[in-house]
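First up is the structure itself, then whatever we jot down about it.
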Amino acid sequence: MSLIDWATGLHGYLFIGAMLFVLGIIGILSRKNAIGILLGIELVLNAAGINFVAFSKYRTAMVEGQVVTLFIILIAAAEAAVALAIILRFYRLKQTIDAGEANLLRN
């Protein structure tokens, strides 16, 4: 198996998905900024979508991977809208988007 065959086959897609997943987890764990955490979550969801589509293309003849990926994209869009609304409200209250300050919302 040559490098080109490996990169364009299932292994290449899984490698890209794994790299996106690792970058997303690093982003979630290392950021204190709420928007940075949100971007990390989006990377993890995109990695899952890439894996579903890759397995659907190379392992089965069914369309289940694309359908699941469509649902992931829809859920990610809804999650982004709700999270941005919460972040904007938090910014209006505290004048910061630092996730460490969120514990001050308990009253």
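The values are calculated or read from the model by the stated rules, or taken from the named source; none is laboratory data. Worth saying up front: this structure is predicted, and the values here are computed from it rather than measured. Note that we place each Cβ from the backbone using ideal geometry, even for glycine, and neighbour counts take in every protein chain shown.
You will find that of Ile37, Ile26, Ile16, Ile86, the residue that is in contact (Cβ under 8 Å) with a residue 60 or more places away in the chain and either among the aliphatic types (A, V, I, L, M) or part of a helix (DSSP H, G or I) (or both) is Ile37 and no other.
Step by step: first the residues of the stretch 90-106, then only those that are under 24 Å from the mean Cα position of the chain (by Cα) and surrounded by 11 or more Cβ atoms within 10 Å (Cβ to Cβ), then the one that is modelled with the lowest pLDDT. Which residue is that? Looking at residues that are under 24 Å from the mean Cα position of the chain (by Cα) and surrounded by 11 or more Cβ atoms within 10 Å (Cβ to Cβ), I get Ala102. Taking the criterion of being of a type outside the set (D, E, K, R) and at pLDDT below 90, would at least one residue in the stretch 18-34 satisfy it? For the stretch 18-34, residues of a type outside the set (D, E, K, R) and at pLDDT below 90: present. The residues in the stretch 58-72 that are among the hydroxyl-bearing types (Ser, Thr, Tyr) and either modelled with pLDDT under 75 or farther than 20 Å from His11 by Cα (or both) can be counted, and the count is 1.
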